[in-house]
Amino acid sequence: MSLAGWFLVAISMVAIWKLACQFASYAIVCPETVFYHLLNMDLTTIVHAMTITLSNTFAGFVLASIAAYTSIFIGITHPILWSFFASLNVLVQSVSILIWALLGLAIFGVASRLPAILVAFAASYPILLSSLLTSVERLRKRYWELSKMLKLNKLQELVYILVPGSLPAYISAARSAFGVALRVSVVAEAFGASGGVGYMLMLSYSIGDLVDFYTWALLLIMLMLFVDRVLFYQLERLAMRWVG
């Protein structure tokens, strides 16, 4: 998407936002008020909240990546185990993120950051596993004869063929997985009291500070766009170039 496209989207969204606040000023704060409040917010508070949210999401995402590749390694050892993880993937996807959030809060408590990490893990794992299952199955069919000819064991097959071959698919899935994890981890933060952007959103809403609420919502959107476009979009482009 070009800069012109992003500019048009930004102008359109601000215009719609401005129009909406004129008709529902009791619930929607006008953009100029939010932008002014944003410029006058304490930078330390913003950085601290974003750091907590990003670290929670990143921790859950890394654990999900490790779990996904571990599942693949175990799955390739036997067809029944492969079928088990394929079925497990469908089961995990059917469980609502809200259930994971409430379960995490019940187990670890509202003051812990672990519920947000658990939610990020639960959101990332099925997305990564789905992509890896498809990619690895294709790779194994394509390089089965080569693997047999080189007499590779399962670990060597994983290290020399499956991990490098599935890396482009993993990076593409990682972009989606991290984005979803970042969006849902704030849900667990909102229910808890461990800090983060989600906690600040709920705190602002609870005390009726709509200006602060809309400002944190805008910051969350900006954070998501930054992570997606600056980090994962560039990694995905490199992966596609490698495939090409």
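The values are calculated or read from the model by the stated rules, or taken from the named source; none is laboratory data. Computed from a predicted model, the values in this text were never measured in an experiment. For neighbour counting, all protein chains shown are included, and Cβ atoms are generated from backbone atoms with ideal geometry for every residue, glycine included.
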- Note on the structure: Residue count, the stretch 173-226, condition among the hydrophobic types (A, V, I, L, M, F, W, C), crowded, with 20+ Cβ neighbours inside 10 Å, within 12 Å of the chain's Cα centre (by Cα) and closer than 27 Å to Leu39 by Cβ, comes to 2
- Query: Pick from Ser55, Ser25: which is modelled with pLDDT of 90 or more and either among the polar types (S, T, N, Q) or surrounded by fewer than 16 Cβ atoms within 10 Å (Cβ to Cβ) (or both)?
  - Reply: Ser55
- Task: State whether the residues of the stretch 124-137 include one that is closer than 26 Å to Leu220 by Cβ and of a type in the set (A, V, I, L, M, F, W, C).
- Result: yes
- If we keep only residues of the stretch 119-141 that are among the hydroxyl-bearing types (Ser, Thr, Tyr) and touching a residue at least 60 places away in the same chain (Cβ under 8 Å), then the residue nearest to Val92 (Cα to Cα) is Tyr125
- Do we find that Val159 is out of contact with any strand residue (DSSP E or B) (no Cβ under 7 Å at 6 or more places or on another chain), modelled with pLDDT of 85 or more and of a type in the set (A, V, I, L, M) in this structure? no
- Message: Please go through (1) more than 19 Å from the chain's Cα centre (by Cα); (2) of a type outside the set (Val, Ile, Thr); (3) modelled with pLDDT of 80 or more for Pro115 and return the number of the only condition it doesn't satisfy.
- Response: (1)
- So Ile127, is it in contact with an Asp or Glu (Cβ under 9 Å, 6 or more places away or on another chain), modelled with pLDDT of 80 or more and either farther than 19 Å from Thr53 by Cβ or of a type in the set (A, V, I, L, M, F, W, C) (or both): no
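Go through the stretch 142-226 and tell me which helices (runs of 4 or more DSSP H), entirely inside it, have 3 or more residues that are in contact (Cβ under 8 Å) with a residue 24 or more places away in the chain and either under 30 Å from Tyr26 (Cα atoms) or in contact with a helix residue (DSSP H, G or I) (Cβ under 6 Å, 6 or more places away or on another chain) (or both). Walk me through how you get there before you give the answer.
Working: elements: 154-157, 163-191, 197-206, 210-226.
So the answer is 163-191, 197-206, 210-226.
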